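Report on the following structure.
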Amino acid sequence: MTQTVRSSTDDRSALVTWVGTRVAVALLALASAWIVADAAAGHVPSWLAGWDRWDAQLFVKVARFGYDGYPQHYPDKNIVAFFPGEPLVLRVVHVVVRNWIATGLVVSAAAGAFAAVALGRLGAVEGGREAGRRAVTYLALSPYAVFLAAGYSEALFLAFALWSWVFGKQRRWVAAGVLGGAAALVRVTGLFLGAALLVEWLLDRHGRRWRDLLPLSLPFVAVGGYVVYLHDLTGDWLAWPHAQADGWGRHLTTPWHALHTTWDSATGVGAGNAYTWSFRAEIAAVVVGVVLSLVLLVSRRWSELVYVGLQVVALATSSFYLSVARATLLWWPLWLLLGRLGTERRWVHTAYLACAPALMSVAVIAFVQGHWVG
């Protein structure tokens, strides 16, 4: 049975790394408002306004008005593509934090702190304490770490999912299942987490009990409950995939068609530079996902392979690659692997720190300026 390292020193290290990198992101956003924005002194956009972008706005709308919406604000039923976990937490925190944008930032900051501690513990088990610390550093400085700071759902999902995985590794299936169910209310990715937990349970040949399947079913129950709710709301059992198709043009297709469509967008001259480079990053992310899946396969890490591999298959068979680079934040086997490599091979650590923070800075500045990042 895998044990989790419990060290207050290691937990503090993870929290210090998380807080330090969030301060850096906040300063980047502030500098962007003053230096990059084309505005005269005294007319600089507020720091909070820079975070009121894209999906963060949609989560707030759901939190404020529900999925029925308020017609004067947004009659678009494609809003049901966003799972209810993030809006529900926003409503709760908004009781204390009265600004909606700030509410999203607080939720992500707090959830990310919990996720960082869990990732550090997992990394310490797999590769030693230094590997755990570096895994946290690499995630916090990921090129797409802006989405762990903004009012998006990635940080909240990781907080639930990583602790679910920690408890799963300890064979504490009730806690793993409950937290997995919470993660599945935040993102559909919870389905893949649920499948991975089941594989982990199957691998526990000596300690598994049939009654553990009840809590381990909660991720599937959570998604199923949302499907039933959407049917009651819209009369459509397939409301979620239909919203994906109608709102974002995403539907199931062959891998080669998805690659061809994305390649055209990444190399075409009609779209803006931000979109072109974003699609190039999406292609690179799929390559990373395929390589990571192969590494997990060769290493016979079956549960992690199920978690990552199913995501890669789903994302690579969409009509085009969208938000794959952002999804890498959720692939904790990637950060654990990098943490071990960065500890064993110094050049990996040096190379990552030479590239990732610079790319993250570009993404932060682009995001708060309203450019599409991913």
Fill in: Among residues of segment 221-246, those that are surrounded by fewer than 13 Cβ atoms within 10 Å (Cβ to Cβ) and not aliphatic (A, V, I, L, M), counted
3
Item to complete: Using the structure shown, decide if TRP332 is surrounded by fewer than 18 Cβ atoms within 10 Å (Cβ to Cβ) and of a type in the set (Phe, Trp, Tyr).
Response: no
Fill in: Pair list, Cβ under 6 Å, 6 or more apart: segment 190-206 residue over 16 Å from LEU162 (Cα atoms) and among the basic types (Lys, Arg), other residue buried (at least 20 other Cβ atoms within 10 Å of the Cβ) and modelled with pLDDT of 95 or more
none
Response to the item:
Contact list, first residue from segment 61-75 and over 20 Å from ILE101 (Cβ atoms), second anywhere and among the β-branched types (Val, Ile, Thr) and modelled with pLDDT of 90 or more, beta-carbon distance below 6 Å, six or more apart or interchain, is TYR67/VAL80
Practice prompt. Might you check whether a residue that is under 24 Å from SER319 (Cβ atoms), in a helix (DSSP H, G or I) and touching a Leu at 6+ places or on another chain (Cβ under 9 Å) occurs anywhere in segment 194-204?
Written response: yes
Item to complete: Give just the number: which of (1) under 20 Å from the mean Cα position of the chain (by Cα); (2) surrounded by 21 or more Cβ atoms within 10 Å (Cβ to Cβ); (3) not hydrophobic (A, V, I, L, M, F, W, C) does GLY342 not satisfy?
Response: (1)
Practice prompt. Could you look through segment 313-329, keep only residues that are surrounded by 22 or more Cβ atoms within 10 Å (Cβ to Cβ) and among the β-branched types (Val, Ile, Thr), and pick out the one that is farthest from PHE279 (Cα to Cα)?
Written response: THR328
Discussion item. Suppose we filter THR253, THR276 for residues that are of a type outside the set (A, V, I, L, M, F, W, C), surrounded by fewer than 20 Cβ atoms within 10 Å (Cβ to Cβ) and closer than 25 Å to PHE367 by Cα; which single one remains?
Written reply: THR276
Discussion item. Can you tell me which of (1) surrounded by 16 or more Cβ atoms within 10 Å (Cβ to Cβ); (2) out of contact with any Phe, Trp or Tyr (no Cβ under 8 Å at 6 or more places or on another chain); (3) closer than 29 Å to PRO241 by Cα; (4) polar (S, T, N, Q) is the one THR267 doesn't meet?
Written reply: (1)
Discussion item. I need the helices (runs of 4 or more DSSP H) fully contained in segment 85-163, keeping only those with at least 2 residues that are of a type in the set (Gly, Ala, Ser) and more than 14 Å from the chain's Cα centre (by Cα).
Written reply: 100-127, 129-140
Worksheet, complete the sentence: Per the filter on segment 293-310, residues of a type outside the set (Ser, Thr, Tyr), in contact with a Gly (Cβ under 9 Å, 6 or more places away or on another chain) and either buried (at least 22 other Cβ atoms within 10 Å of the Cβ) or over 21 Å from THR254 (Cβ atoms) (or both) are LEU296, LEU297, VAL308
Response to the item:
Scanning segment 230-244 residue by residue, the ones that are assigned to a helix (DSSP H, G or I) and without any contact (Cβ under 8 Å) to a residue 40 or more places away in the chain total 4
Worksheet item: Hey, ASP246 hits all of (1) over 19 Å from VAL186 (Cα atoms); (2) within 20 Å of the chain's Cα centre (by Cα) but one; which does it fall short on?
Response: (2)
Worksheet item: On the given criteria, is SER142 more than 21 Å from ARG91 (Cβ to Cβ) and either surrounded by 24 or more Cβ atoms within 10 Å (Cβ to Cβ) or out of contact with any Asp or Glu (no Cβ under 7 Å at 6 or more places or on another chain) (or both)?
Response: yes
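Results for (1) touching a Phe, Trp or Tyr at 6+ places or on another chain (Cβ under 8 Å); (2) modelled with pLDDT of 95 or more; (3) among the β-branched types (Val, Ile, Thr), shown as yes or no for each residue.
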residue: GLY207; (1), (2), (3): no, no, no
residue: LEU214; (1), (2), (3): no, yes, no
residue: LEU233; (1), (2), (3): yes, no, no
residue: TRP240; (1), (2), (3): yes, yes, no
residue: ALA274; (1), (2), (3): yes, no, no
residue: SER278; (1), (2), (3): yes, no, no
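The values are calculated or read from the model by the stated rules, or taken from the named source; none is laboratory data. Values in this document were obtained by computation on a predicted structure and should not be read as measured data. Heads up, the Cβs are rebuilt from the backbone with ideal geometry, glycines too, and the neighbour counts pull from every protein chain shown.
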